[in-house]
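Take this structure first; my questions come after.
The values are calculated or read from the model by the stated rules, or taken from the named source; none is laboratory data. The model shown is predicted, which means the values in this text are computed figures rather than measured ones. Cβ placement follows ideal geometry from the backbone for every residue including glycine, while neighbour counts extend to all protein chains displayed.
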Amino acid sequence: MRAACEHCAMPPLTYASYLDLEKLLTLQKPRSTPPEHDEMLFIIIHQTYELWFKQLLHEFEKIKEDFSAGDLFGAIHSFKRVRTIMKTLVAQLDILETMTPSSFSSFRDRLETASGFQSVQFREIEFVLGYKRQSTLAYVKPDFPGTDRLQQLLNEQTVIDHFYDFLATRGAQIPADLNNRDLLQPNEPNGHVQKEILRLYQSAPEVSILFELMTDFDEGLQEWRYRHIKLVERTIGAKHGTGGSPGVPFLKESLFKPVFHDLWAIRHQM
Ligand code: HEM
């Protein structure tokens, strides 16, 4: 084992100190009295999701750079990773589904108005992927941690805008109005882009690997939405959400909506 640093008198790094475990493992604070067994699971699952959301956002920043630099292999590598994280996020819902409706009811009141609806990082993921619904900002209070980043992402180019740069490095003609689009708006499907993607599918098999990985990720995100709705339906049925929405009917609004529209729109032409 390495000795303590002579110059700075710091103790040697350990597993626990590197990961700041002392802090991390005291962050689970159930509120129910008397304690309800399943509340610990509820907290740990949500915290785990937020950690993976953080990692996804970290990867999307790299993907944007890879795209604008025309780095196909860098983007393939990162899309493999985000797709795999997405699959893990879907699978984790199985664990929470071991909690029965009555078990959840036993501590649900203690959540007050807290809801995944207020997850700033989830909105960041939507915004960075071009699904910019400004209406969702109404549920994010200015003092929530991360709102500055969210506001910044609303004003920034999305993964799809950088994807247009990537397509241009592969000879695609990107319409000028897409390069100068209003960044506050969501990315929309575009017929010209679809034609260029179709051409690349047919002429550049290495690029089609990237397109398929992007489609995998997108399908994973839609799968998460579907599984989350089913979890909500089986746990609270027709009740309203703690975040104040009508619950299941609200969640269904974004069901089956892809983020990479152009990759889905052309599939019947291949
Ligand atoms: C018993 C478990 C759960 C229930 C009953 C539940 C319920 C709900 C409901 C009713 C909504 C709609 C907003 C509202 O009015 O509150 C919602 C939204 C949301 N929940 Fe959950 N949820 C559960 C687990 C989770 C988990 C594990 C996550 C993981 C992070 C999560 C993340 C989200 C997100 C991100 C939204 C916003 C979705 C959107 O705006 O499209 N939820 N949830």
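Which of the helices (runs of 4 or more DSSP H) found entirely inside the stretch 72-146 contain at least 2 residues meeting this: small (Gly, Ala, Ser) and touching a residue at least 60 places away in the same chain (Cβ under 8 Å)?
It comes to 101-108.
Of the residues 202, 185, 152, only one is of a type outside the set (Gly, Ala, Ser), part of a helix (DSSP H, G or I) and more than 18 Å from the chain's Cα centre (by Cα); which?
Checking each option against the conditions leaves just 202.
Within the stretch 235-256, which residues are assigned to a loop (DSSP other than H, G, I, E, B), within 10 Å of the ligand (Cβ to nearest atom) and surrounded by fewer than 16 Cβ atoms within 10 Å (Cβ to Cβ)?
237, 239, 240, 244, 245, 246, 253, 254, 255
Would you tally the residues in the stretch 162-182 being in a loop (DSSP other than H, G, I, E, B) and under 24 Å from residue 132 (Cα atoms)?
So the answer is 5.
Scan the stretch 90-138 for residues that are in contact with a Pro (Cβ under 8 Å, 6 or more places away or on another chain) and either aromatic (Phe, Trp, Tyr) or modelled with pLDDT of 95 or more (or both) and jot them down.
107, 120, 130, 131, 132
Any residue in the stretch 15-33 that is in a loop (DSSP other than H, G, I, E, B) sitting within a Cβ distance under 6 Å of a residue that is of a type in the set (D, E, K, R) and surrounded by 11 or more Cβ atoms within 10 Å (Cβ to Cβ)? List the pairs, counting only those 6 or more apart or interchain.
Partner pairs satisfying both residue conditions: 30/39; 31/110; 32/39; 32/110.
Further question on the same structure: Suppose we keep only residues that are surrounded by 16 or more Cβ atoms within 10 Å (Cβ to Cβ) and touching a Leu at 6+ places or on another chain (Cβ under 7 Å) within the stretch 203-217. Which one would you say is farthest from residue 126 (Cα to Cα)?
Across the stretch 203-217, the extreme among qualifying residues is 207.
Sticking with this structure for a sec: Just to check your reading of the model, which residue among 36, 59 is surrounded by 12 or more Cβ atoms within 10 Å (Cβ to Cβ), under 15 Å from residue 108 (Cβ atoms) and of a type in the set (D, E, K, R)?
36
Quick grid of which residues meet (1) within 16 Å of the ligand (Cβ to nearest atom); (2) aromatic (Phe, Trp, Tyr):
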| site | (1), (2) |
| --- | --- |
| 36 | yes, no |
| 79 | no, yes |
| 113 | yes, no |
| 117 | yes, yes |
| 128 | yes, no |
